[in-house]
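The values are calculated or read from the model by the stated rules, or taken from the named source; none is laboratory data. Predicted model, so just to flag it, every value in this text is computed and none were measured. Every residue, glycine as well, gets a Cβ built from its backbone with ideal geometry; the counts of neighbours run over all protein chains shown.
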Amino acid sequence: MSDRLRTLAAVLLLGTLVQPVAWGVTFVDADATGADDGSSWANAYTRLGDALAATASGQIWVAAGTYRPGGPGERRATFRLRRGVAILGGFAGTETAVEQRDPVANPTILSGDLLGDDFERWANGHFAWANVLDNSWHVVTAEGPEGSGVLSGVVISHGAGYGPAVDFSDVVGAGLLVRGAAPLLLGVRFDGNGGQFGAAVGVLDGSVLLVGCELVHNYVDIGAGGAIYGDATSRVLVVTSSFRENASIGSDFTAGRGGAIATEPGSTLLVDRSAFVANFAGFRTNLLGQQPTRGGAVSALGDTNLVFSSRFVGNRAHLGGALDIAGLGIVRGSAFSGNEAHEERVSGLAPAGAGGAVMAAGTALLIGNTVGHNRATDTAGGIYVLGEATIANSILFGNTAAVEEPTLRMQIHHATGAQSQIAFSLVEGLFAPIPGEDPVDPADVPGSIDADPRFVLAAGVDGMIGTADDDLRLDAGSPAVDAGHNGLDLLDLDGRDLAGGPRRKDDPAVADTGVGPPPVVDMGAYER
């Protein structure tokens, strides 16, 4: 499936009410000095809010600059998306076609810093903020079917869901609150928003589709979803987007959950070809009685959770250093490197420091993934299984756990009553004897091997595992090449591996040890 078809399918699944926009352009430029009627760049509106009020359909072109939804004391002011209206940022103020804009060179910033006096500093997964209690509760709002608009090429920053809230929605979606709507976001950057649930995007009884977006340095305190939060009736779809250094912080008896994304039971989550780097779920303080944090990058508790072809690097939490997944959870073609489940002074039913890469509850289907060099301070440096898991065409190697010695349990460990099926996978220590236990019968793990997968450069050029340049591709001579099972290579959306190459490509220097007509799929997320 091509990228174009993939995005179209996601839009249809989302059920978005957005209509095509081709009915004229309204211009906005904070520096314009003309008639202030939006008819041209020279006569552009100087305030985005005025353009939104005057535009029933079409496109709003917004030049570089900083635009605030209100003035001092107007915390309830917000930019409201409208059905049939597309807000497009990134213009210099001279363009005659959308293709001429450059959002990087011409940043269009929608800011909740109403007084322009914020101070912020990011350090070790924490924000140091000042002067934010007078910021917008929500910089942008999409509410009801008429709020299902399009937003593209803008930066949303400094929304602050803190203070004496009137209702729950006040502390949800400081950057963008979606309530009963289905907006489409294309190439939007969320940078430096703070709140309690979904500092960048909060979805209540609605849907959102993000394509090519970037979410960085968003922060929730005593809540969930450092960047995105979805309630029990939400649908969250994320395609080709990146999440970096977002954080969900717990305090006292409230656990932080989902450093980048958190969803509730009943919701639907789809993540496709996206990257999660150095996100964090942790404590603001370190007190007895606190519950373990979950999902350093993603905590997906919904009924259906799909993660395809995505990278998780250097994320941290107490349980599920990168991913905490429940319900029906399908993870396919993804790579996990340098994530960590760490232990602090916590109390809870599950041990802290478990599942360095993944904590899988419910029914988990894990296909064609590479889980390498993750770490847990207690158990299961790779995958911690709480329910039922099927692991196929995958690699688990180099994962470590500080407490347990058997190598196999460092790769995958089961809670009491949990179970998994493994097939055509490379699992370090799979057949090594464990004192007091029967050895694994090869017949119970068909096609599986215990060997060094020969990663190209697990620690990357910088020599540090858990940074963005970690390289878990397969090098020459890897026993994982042409060793998978074509019949187990399910849910391949576009025939590509994680690096963008063909999903099945024969290596003529390697004898096929897998199953299926050539080319036989490799184990792991990358095809050599």
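Quick notes
- Close contacts from the stretch 130-142, counting a first residue that is under 12 Å from G194 (Cα atoms) and of a type in the set (A, V, I, L, M, F, W, C) and a second that is surrounded by fewer than 17 Cβ atoms within 10 Å (Cβ to Cβ) and at pLDDT 90 or above, with Cβ to Cβ under 8 Å and a gap of 6+ residues or different chains, come to W137/R76.
- For beta carbons closer than 7 Å, sequence separation of 6+ or different chains, a first residue in the stretch 292-315 that is over 18 Å from G338 (Cβ atoms) and a second that is assigned to a loop (DSSP other than H, G, I, E, B) and acidic (D, E), the qualifying pairs are L301/E264; G302/E264.
- When we screen F197, F190 for residues that are more than 20 Å from L301 (Cβ to Cβ), touching a residue at least 12 places away in the same chain (Cβ under 8 Å) and out of contact with any Lys or Arg (no Cβ under 8 Å at 6 or more places or on another chain), the only hit is F190.
- Looking across the stretch 31-49, the residues that are among the charged types (D, E, K, R) and either surrounded by 15 or more Cβ atoms within 10 Å (Cβ to Cβ) or more than 17 Å from N106 (Cβ to Cβ) (or both) come down to D36, D37, R47.
- When each of D221, D167 is tested for being free of Cβ contacts under 8 Å to residues at least 40 places away in the same chain and either over 17 Å from the mean Cα position of the chain (by Cα) or on the phi > 0 side of the Ramachandran plot (or both), the lone residue that passes is D167.
- Scanning the stretch 342-363 for residues that are of a type outside the set (D, E, K, R), within 23 Å of M464 (Cα to Cα) and either at pLDDT 95 or above or in a loop (DSSP other than H, G, I, E, B) (or both) yields H342, G353, G355, G356, A357, V358.
- Verdict on L430 being closer than 22 Å to G514 by Cβ, touching a strand residue (DSSP E or B) at 6+ places or on another chain (Cβ under 9 Å), of a type outside the set (S, T, N, Q) and outside any loop (DSSP other than H, G, I, E, B): no
- Of the residues contained in the stretch 436-450, one or more are found to be in a strand (DSSP E or B) and touching a residue at least 12 places away in the same chain (Cβ under 8 Å).
- For the stretch 143-171, filtering for residues that are assigned to a helix (DSSP H, G or I) and either of a type in the set (D, E) or in contact with a helix residue (DSSP H, G or I) (Cβ under 8 Å, 6 or more places away or on another chain) (or both) leaves 2.
- The stretch 84-120 - residue that is of a type in the set (G, A, S) and on the phi < 0 side of the Ramachandran plot and, of those, surrounded by the fewest Cβ atoms within 10 Å (Cβ to Cβ): A97
- Every test in (1) assigned to a loop (DSSP other than H, G, I, E, B); (2) among the hydrophobic types (A, V, I, L, M, F, W, C); (3) touching a Leu at 6+ places or on another chain (Cβ under 9 Å); (4) under 23 Å from G320 (Cβ atoms) is passed by M464 save one, and that test is (3).
- When the stretch 479-527 is filtered for residues that are over 26 Å from the mean Cα position of the chain (by Cα) and closer than 23 Å to H373 by Cβ, the ones remaining, listed by number, are P479, A480, V481, A483, G484, V521.
- Considering the stretch 364-411, the residues that are of a type in the set (D, E, K, R) and outside any loop (DSSP other than H, G, I, E, B) include one that is surrounded by the most Cβ atoms within 10 Å (Cβ to Cβ), namely R375.
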